[in-house]
Amino acid sequence: MRSFFVVITLCISRVSASDTKVSQDALSPGESYLKSVWHNRLYLYSAAALVFGIWFSLKVALNKKKFSKAVKISDNSDGDTVAHVSAVKIFYGSQTGTAKGFAEELSEEVKTMGLTAEVIDIKDYDPDDQLADECTNKSVCVFLVATYTDGEPTENAEWFCKWLEEASTDFRYGKTYLKGLRYAVFGLGNSVYVGHFNTVGTNVDKWLWMLSGVRIMTRGEGDCNVVKSRNGSVQADFLAWKVKFLLRLQALVKGEKKSCSGNCKTGGSCTNKRNDGQEDKEEEKEEEKDNSSEEDLVESSSDEEESGLQDEKNSGSVVDMEDLGNIMSSAKRAKSKEEGRGDGQLVKLSKLNGVKKVEDEGERREMITPALRKALTKQGYKLIGSHSGVKLCRWTKSMLRGRGGCYKHTFYGIESHRCMETTPSLACANKCVFCWRHHTNPVGTEWRWKMDPAEKILQEAMEKHQSMIRQFRGVPGVKPERYEEGLAVKHCALSLVGEPIMYPEINIFIRLLHSHRISSFLVTNAQFPQEIGSLVPVTQLYVSVDASTKDSLKKIDRPLFKDFWPRFLGSLRALGEKRQRTVYRLTLVKAWNVEEMQSYSELIALGQPDFIEVKGVTYCGESAASSLTMANVPWHQEVVAFVQQLADMLPQYEIACEHEHSNCLLIAHTKFKVDGEWWTWIDYERFQELVQVQGESGGQRGFSALDYMARTPGWAQFGASEQGFDPVDTRFQRRHKTKDISGC
């Protein structure tokens, strides 16, 4: 500015000098000077105006600088009075209580920072009246939402999600309805449900963004599937996200803005912008980092989806070809990384079901997470290794005292005090509404965890079982002879929890049982037809038939497989090809599946089982994961009526036994009725001999269910006055005691 002023002054002086020189000959010195000034008055006025303007601009700039310094000093002097965050409101949508627990945990952490924190159940919050207020009160809203069945929100979050979805596309609210709302989202889900993983968290994040909410950090995703979880469990995923959230919250409290990463999507200028080559190199380096690093603690999903979400706001947006190339490259890298992370931990079940194929011998994760271990231990499980468990059945305790055995004692002659209830796989492919374990066990569709050898599982299971039996030494009422017998395991019920047939070495485990002269009773949930077909002979093989139609099976069992119905039917066909004893296990849930009589008869004709156990569902107490109530539990008389109607529809079956205490009846094929007498019991010593002969012959000498049957005593048969209670024992009626629902 100064140089420009000097140039103008010189020009004026030179023009004045030239004019003066031209007129010097005609005028006197005084007249010449005045004449020159008059002729150049325009330049003089301009120069004066320019000087004044420069002076005024400099003065204003100096005053502004002084004012900004004064404001900065005043802000620093009483910074405590400026509140950038007034409170943190933590909303949760939870079905089993996990999200609620996370919300309470986060609330305590926020309070340690000196901030007000409020935990809110989404069902008690009216978004239509209250959510817009969060845009102006300087609060930060955190949404911890779980994804439930079929990608739907939990029951307490249904209305909130419905309102948010409608508001995001309703012109009456407008695109800026939630402008100023600062929010963060953490979703809870299970990647086993491929098509619905964290759907609710993704949608809530999207809908808030579409209403101009300000995302303060990337959406977090917790995964209950320990195989694909970034940090090993949903609890660890939340912990990693929580650390980053608290750091971000701390920055907001100080009034700091989120620093630019150099990957601006707006297309504007940025001081941190880097060239494409440098970005690609840094991205490749970042992908090679370990997942445990701070940058990889949280899935960076929200920012990646933002360009896609722009289509929700601006339907006419166009993607540049260069950007499209970058998008495709990122997608390929993410896909390859995901495949590398998943397939490297895959153990496939072979047809021989005892030979495992491992695609990559990389480090695999344990099925039992610390949180799961704590929950199962609290329920009384004795955990074995990384995926197995054993528990003492209540009927084992009962028979040690001479107070009667379970329905397997009545139907098949099991000595309940010598029965070990265990499983080599705590994981299951269903999430049944009547699950006794309230879904604390993991779920999965194939084996992707660390695997313990069958020898170790059996040895520790027997040791832990014997240890629990020893605790009854000297307990009042325990019969000494039964205590001694109980220390020697004779039967093994592979029905504790989960899906034992998922265990890749299940055939080895069964052979080990038989080598110890232990009978095997294996229960499967009818989702693994190939594994059923390749299973070695077991003493008795069960298939759970919890419903007879596709819709009711999905409603009751809530299977993980999308092709659950073909798998279900295939399992029944595979069962029909077995020569040893087979059983359909029907669980009646009142108002859910008790009216499907014709469909049940068709399924029985498909698999032709030897026996059909019909049992009323056991109510295991209130559970947030299930809507089951006592109203769904049928009375024993109702179960009897159902069984009588079903038996009338089956020409080759009759009612054989009853165990009133367990609310259970047995329908048997008439081939087990010899000369008018039922032979539903098992000759266990004969079975062990037959298994040994078959093994020595290399499988050439087979045997059938009729080769090891035994006569059923009169007291165990249907219609007897004992109603299935062994008269050798003494029935004990509990009064004012909490009902023990453990056992099979």
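The values are calculated or read from the model by the stated rules, or taken from the named source; none is laboratory data. Here the structure is a predicted model, which means the values were calculated and not measured. Neighbour counts are summed over all protein chains in view; Cβ atoms, including those assigned to glycine, are modelled from backbone coordinates with ideal geometry. Note: accessible area is taken over every heavy atom of the protein model, side chains too, but ligands, DNA and RNA are not part of it. Shrake-Rupley method; radii C 1.70, N 1.55, O 1.52, S 1.80 Å.
A few notes on this one:
- Residues whose amide H comes within less than 5 Å of that of Thr423, counting only those at least five positions distant or on another chain, are Gly389 (H built at 1.01 Å from N in the peptide plane).
- Where the stretch 471-582 is the region considered: accessible area per residue in Å², 1.4 Å probe: 35
- Counting Lys and Arg as +1 and Asp and Glu as -1 over every other residue whose Cβ lies under 15 Å from the Cβ of Met462, the net charge comes to +2.
- On the stretch 133-248, 55 percent of the accessible area sits on carbon and sulfur atoms, based on a 1.4 Å probe.
- Karplus-based coupling profile of the stretch 584-590, in residue order and whole Hz: 8, 10, 9, 10, 8, 10, 4, with θ = phi - 60° in 6.51 cos²θ - 1.76 cosθ + 1.60 and x standing for Gly or Pro.
- Accessible surface, per residue, of the stretch 105-208 when the full set of protein chains is kept, probe 1.4 Å, Å²: 45
- Neighbourhood net charge (15 Å Cβ-Cβ; Lys/Arg +1, Asp/Glu -1) for Gln723: -3
- Taking the square roots of 5 times each eigenvalue of the Cα gyration tensor of the stretch 97-203, largest first, gives ellipsoid semi-axes of 22, 21, 11 Å.
- Cβ-defined net charge surrounding Asp128, 12 Å radius [Lys, Arg +1; Asp, Glu -1]: -3
- Accessible-area composition of the stretch 448-494, carbon plus sulfur, in percent [1.4 Å probe]: 48
- Protection proxy ranking of 103-116, 655-668, 419-432, 483-496, by the mean of other Cβ atoms within 10 Å over each peptide's residues and highest first, is 419-432, 655-668, 483-496, 103-116.
- Here the stretch 370-495 is treated as an ellipsoid with the same Cα gyration tensor; its semi-axes, largest first and in whole Å, are 27, 16, 14.
- Across the stretch 397-407, coupling constants 3J(HN,Hα) worked out from phi with the 6.51/-1.76/1.60 Karplus curve, θ = phi - 60°, read 4, 5, 6, 4, 8, x, 10, x, x, 7, 5 Hz, and Gly and Pro carry x.
- Per-residue ³J(HN,Hα) for the stretch 528-540, Karplus 6.51 cos²θ - 1.76 cosθ + 1.60, θ = phi - 60°, Hz, x for Gly and Pro: 10, x, 5, 5, 5, x, 8, 6, 6, x, 10, 4, 8
- Loop-located trypsin sites (Lys or Arg not before Pro) across the stretch 158-257 with a Cβ neighbour count of 12 or fewer within 10 Å are Arg172, Lys254, Lys257, with loop assigned by DSSP.
- Share of alpha-carbon pairs per 5 Å distance bin for the stretch 106-146, given as whole %: 5, 19, 25, 28, 17, 6, 0
- A viscosity of 1.002 mPa s and a temperature of 20 °C, combined with the Kirkwood radius over Cα pairs in Stokes-Einstein, give a translational diffusion coefficient for the stretch 438-546 of 137 µm²/s.
- Accessible area of the stretch 546-591 belonging to carbon and sulfur atoms, whole % at 1.4 Å probe: 48
- In this structure the amide hydrogen of Asn225, modeled in the peptide plane, comes within under 5 Å of the amide hydrogens of Ser191, Val192, none closer than 5 places in sequence on its chain.
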